[in-house]
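The values are calculated or read from the model by the stated rules, or taken from the named source; none is laboratory data. Quantities reported herein were computed from a predicted structural model and do not represent experimental measurements. With ideal geometry, Cβ positions are generated from the backbone for all residues, glycine too; neighbour counts draw on all protein chains shown. These accessible areas exclude ligands, DNA and RNA; they are computed on the full protein's heavy atoms, side chains included. Shrake-Rupley method; radii C 1.70, N 1.55, O 1.52, S 1.80 Å.
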Amino acid sequence: MIYLPEPSLIFYIQVLFYLSFGIIVFYLESTGKFNLPYSKFASSEGISPRIGMFIIYFIPILGYASTVPNWKLQSSYQIILLLIFTFHFAKRCLEVLFLHQFSGKIGIIGVIVITLAYTNIGLLLGSNHAKMIYPEIISFLDPMLMLGMLLFSIGQIGNFYHHLILKKLRSTQQSNEYTIPKGALFDKVICPHYFFELVSWLGIAVLSHHWESYVIFFLMTCYLFGRSTRTLSWYHSKFKDFPTDKKRIIPYIY
C-alpha cells in the first residue's frame, strides 16, 4: 500500500528533516514571523499577482514533465499520475487567469519561494513515480485507486466551488475591502478551500503509494494549517463582530 525504503540512518535523517521543516513552516506562518507575501499578506511592492501566481502554478508542471523521459517503464498507471498532477496545477493556472480577483501585488520573494517549493514537489513526485513499479494492467476496482481518485475529485471540486464563492463575493463588492465570506463551508471555517486542497494532496499520496508523497501531504498540511491560523487571527483583528466559533480549516475541529 505504501512503499517504504529499508530502515537506515539516511532514512531516519530524512524523516527528522521533514518533520522539523514542517514544524518550522507551521510556526513561521501561524505566528506571522514570516508569511509568504500574497493575498491578505501581500507586499506593497512586487509584481502583478496574476502573473506571479501563474508562474507559481505553471512551472511545477514542467518540473514533473521533465522526469517523464527518464521513466524506464511508462505504464498506464504512471500516465494517470502524470495527468492527475498536471490537472491539479493546470486548474490553478486557469483559476488565476479567469476566476480569481486580486488586489495589491505579490512579492518577488514569494513568487520565487513558492515556485521553487512546488517545482521541487513536481520533481520529487515525478522521480518517485518513475522508480515505482506500477501494474501494467489497471484495475479500476482496486480499492486504493478508487479511494485516491475519490479523494482527489472531492478535493478539486470542493476547492473550485469555494474559490467560486470568493469570486462572487469580490464581484459584488464596491471596493477591494475584505468582507467575511459566507456560504457552504465558509459558514464553519475561514479557509475551506485550504481544506479541500489538502484532500486533493491526500488523494495524490494514496494514488502514489510512495512514502514521500505522504511527506508532501504532511508539509502542505503544516503550511496550510499555519496560514489558516494566521488568517483567522487577521479576521479577528479586522472585524470586531467576527464569529468566535468559526474554525480555521477543519469544521468543528481546527
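Test N128 against the criterion of being assigned to a helix (DSSP H, G or I), touching a residue at least 60 places away in the same chain (Cβ under 8 Å) and either at positive phi or not β-branched (V, I, T) (or both), and give yes or no. Judged against the criteria, N128 is a match.
Taking the condition of a type in the set (S, T, Y) and either without any contact (Cβ under 8 Å) to a residue 12 or more places away in the chain or exposed (fewer than 15 other Cβ atoms within 10 Å of the Cβ) (or both), does Y223 pass? Judged against the criteria, Y223 is not a match. In this structure, does L73 turn out to be over 25 Å from L97 (Cβ atoms), open to solvent by 50 Å² or more (accessible area, probe 1.4 Å) and modelled with pLDDT under 90? Criteria met by L73.
Selection of segment 122-167 for residues being open to solvent by 20 Å² or more (accessible area, probe 1.4 Å) and within 30 Å of Y178 (Cα to Cα) yields S153, I154, I157, F160, Y161, L164, I165, L166, K167. Need pairs with beta-carbon distance below 6 Å; first residue aromatic (F, W, Y) and within segment 180-194, second at pLDDT 95 or above; sequence gap 6+ or separate chains. Partner pairs satisfying both residue conditions: F186/P192; Y194/L224; Y194/S228; Y194/I249. Of the residues S43, S30, the single one that is part of a loop (DSSP other than H, G, I, E, B) and either closer than 30 Å to T179 by Cβ or in contact with a Leu (Cβ under 6 Å, 6 or more places away or on another chain) (or both) is S43. Scan segment 68-121 for residues that are farther than 26 Å from Y178 by Cβ, part of a helix (DSSP H, G or I) and aromatic (F, W, Y) and jot them down. Passing the criteria: Y77, F85, F87, F89. For segment 28-53, filtering for residues that are under 16 Å from the mean Cα position of the chain (by Cα) and either of a type in the set (A, V, I, L, M) or surrounded by fewer than 18 Cβ atoms within 10 Å (Cβ to Cβ) (or both) leaves 2. Within segment 94-111, being open to solvent by 10 Å² or more (accessible area, probe 1.4 Å) and either of a type in the set (G, A, S) or within 21 Å of G126 (Cβ to Cβ) (or both) holds for S103, G104.
Condition test on K240, is it open to solvent by 60 Å² or more (accessible area, probe 1.4 Å), part of a loop (DSSP other than H, G, I, E, B), out of contact with any strand residue (DSSP E or B) (no Cβ under 6 Å at 6 or more places or on another chain) and modelled with pLDDT under 95? Yes. Of all residues in segment 36-51, those that are closer than 18 Å to T229 by Cβ and in contact (Cβ under 8 Å) with a residue 12 or more places away in the chain have Cβ atoms under 7 Å from Cβ atoms of residues that are open to solvent by 40 Å² or more (accessible area, probe 1.4 Å) and among the hydrophobic types (A, V, I, L, M, F, W, C), 6 or more apart or on another chain, in L36/V113; P37/I109; K40/W234.
As for segment 179-188, it holds no residue that is under 25 Å from L28 (Cα atoms), surrounded by 13 or more Cβ atoms within 10 Å (Cβ to Cβ), of a type outside the set (D, E) and within 14 Å of the chain's Cα centre (by Cα). The residues listed here are I109, I154, I165, I121; of these, the one that is modelled with pLDDT under 90 and either in contact with a strand residue (DSSP E or B) (Cβ under 9 Å, 6 or more places away or on another chain) or under 20 Å from L224 (Cβ atoms) (or both) is I109.
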